[in-house]
1. Please give, to one decimal in nm, the separation of the simple spin-label points placed at Q57 and A32, each 7 Å out from Cα toward the Cβ.
2. What angle, in degrees between 0 and 90 and rounded to the nearest 10, separates the Cα long axis of helix 15-65 from the longest principal axis of the Cα atoms of the chain?
3. At q = 0.24 Å⁻¹, what log₁₀ I(q)/I(0) does region 64-142 have when each alpha carbon counts as one equal point scatterer in the Debye sum?
4. Just name one of T125, V21, A74: the one whose Cα is farthest towards the positive end of the charge dipole of the chain (beta-carbon charges, Lys/Arg +1, Asp/Glu -1).
5. Express in nm, to one decimal, how much length is gained between N141 and K42 on full extension, taking 0.36 nm for each residue of separation and deducting their alpha carbon distance.
6. For semi-axes √(5λ) of the Cα gyration tensor in Å, pick the label among [x] 56, 14, 11; [y] 22, 18, 14; [z] 27, 16, 13 that corresponds to the value derived from the coordinates.
7. Quick one: net charge around T89, please, counting Lys, Arg +1 and Asp, Glu -1 for every other residue with C-beta under 14 Å from its C-beta.
8. When you count, for each residue, the other Cβ atoms within 10 Å and take the mean per peptide, how do 111-117, 31-37, 65-71, 80-86 rank with the highest first?
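What follows is calculated from the coordinates using simple rules that are stated; it is not laboratory data. This structure is a prediction, so every number in the text was calculated from the model and none was measured. Cβ: placed from backbone, ideal geometry, glycine included. Neighbour counts: every protein chain shown.
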Amino acid sequence: MAPRPGMIAARGLSLVELVIVLLVVGILAVIAYPSFMAQLLKTRRIEAIAALAQVQQAQERWRANHTTYADTLAALGLSSPASGRYLITIDHGAVDGYTATARAVGAQAVDTACTSLSLTLGGGTTRHASTGSALASVCWNR
């Protein structure tokens, strides 16, 4: 359908429509970004859990060949994850158990809910703990 003489055909967006679209997109971004970042931090905690599980397996292999548990990662042939988000340490290696801790560093240091995760083996039982504002069950995804 051709426009009538004297009328201009409307094309594209007006400035007001463009501002409204940008405003809506901005509001959605402001709402979604904190949720996205929280989910990203939570997902990255899996790296710490996997590293601590690796330490636990290596400790059991070590204990099968020695009279005590190892007190360093180097003795187990392990190191902290290459991503640099967690620093893994063994706080106590002894005959009856050990404590391995994953502390958030680098980009993950902003995770105040779970600043560190620890796995303690003692007396034949394994305990999971964490520091930060969240419960250990939240940090360990249980």
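1. For the pair Q57/A32, the computed spacing is 3.7 nm.
2. 10
3. Treating every Cα as an identical point scatterer, log10 I(q)/I(0) equals -1.14.
4. Final value for the positive-end residue is V21.
5. Result: 34.8 nm gained on full extension.
6. Label of the calculated value: [x].
7. Result for the neighbourhood of T89: -1.
8. Ranked by mean Cβ neighbours within 10 Å, highest first: 111-117, 80-86, 65-71, 31-37.
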